[in-house]
Structure formats: structure tokens, C-alpha cells
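Worksheet for the structure shown next.
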Amino acid sequence: MATQYGNQQPTGQQHHGVPQRGASNNVFSIIAIVLGVIGFIFLPIVFALAGLVMAIIAKTVRHERLSTVAIVVSAIGLVGGMVIGAIFASM
């Protein structure tokens, strides 16, 4: 459909060659955040440590926006989960 501004696509159609922005760029960070929260509750040495490793990979290799949040959440999950586990173990 041609308009006075040239050969433009009508509204509602998207270009397929344009990369999408949003949550698809933060996949490693989102997984790391989820693992950090799970690690806070259950087996922190496994889940929170895996989340911390994924968050560091997201920060250094993939340069994701949420990677700093993922590092903080995973670190809190690791330390906090160990502290809570030690408290419950001593009861």
C-alpha cells in the first residue's frame, strides 16, 4: 500500500528483521534471580550458587541489564539460606 510518504507498511505489521528488546535479552538474569530465591529457601549451596554463577555469566559475557540485580539476589540467597539453615539446624 503506497502512501504520500513512500512505500510504507500499514500499521499493525511489524518488520521481522528487527531484533526484539525486552525480557528475551535477560534470560540468564531472570533464571539467576529465580535460582537465588529458591536457594534462599531450599539448598542454598546448590541453587543460589548456580544462580550466582549464571548471574556472573550474564554480567560478563552477555551484558544483560538485570545481571546486577541477579548477582545481589543470588548472593543474598546464598548467605541468607546458609544462615537460616544454620539457625534451623541448631534448634
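Taken over the stretch 37-64, the criterion of being among the charged types (D, E, K, R) and either at pLDDT 95 or above or assigned to a helix (DSSP H, G or I) (or both) is satisfied by K59 alone. Under 6 Å between Cβ atoms, at least 6 apart or on separate chains: pull out the pairs that start in the stretch 41-58 with a residue that is touching a residue at least 12 places away in the same chain (Cβ under 8 Å) and end on any residue that is among the acidic types (D, E) and buried (at least 16 other Cβ atoms within 10 Å of the Cβ). That search, which allows pairs on different chains as well, returns A58/E64. Quick check on my filter: what residues within the stretch 59-78 are in contact (Cβ under 8 Å) with a residue 12 or more places away in the chain and farther than 11 Å from S29 by Cβ? Residues satisfying the conditions are A75, I76, G77, L78. Scanning the stretch 34-62 for residues that are hydrophobic (A, V, I, L, M, F, W, C), within 10 Å of the chain's Cα centre (by Cα), surrounded by 22 or more Cβ atoms within 10 Å (Cβ to Cβ) and within 24 Å of F88 (Cα to Cα) yields a count of 1.
The values are calculated or read from the model by the stated rules, or taken from the named source; none is laboratory data. Everything numeric in this text was worked out from a predicted model, so none of it was measured. We place every Cβ from the backbone using ideal geometry, glycine too, and count neighbours over all the protein chains shown.
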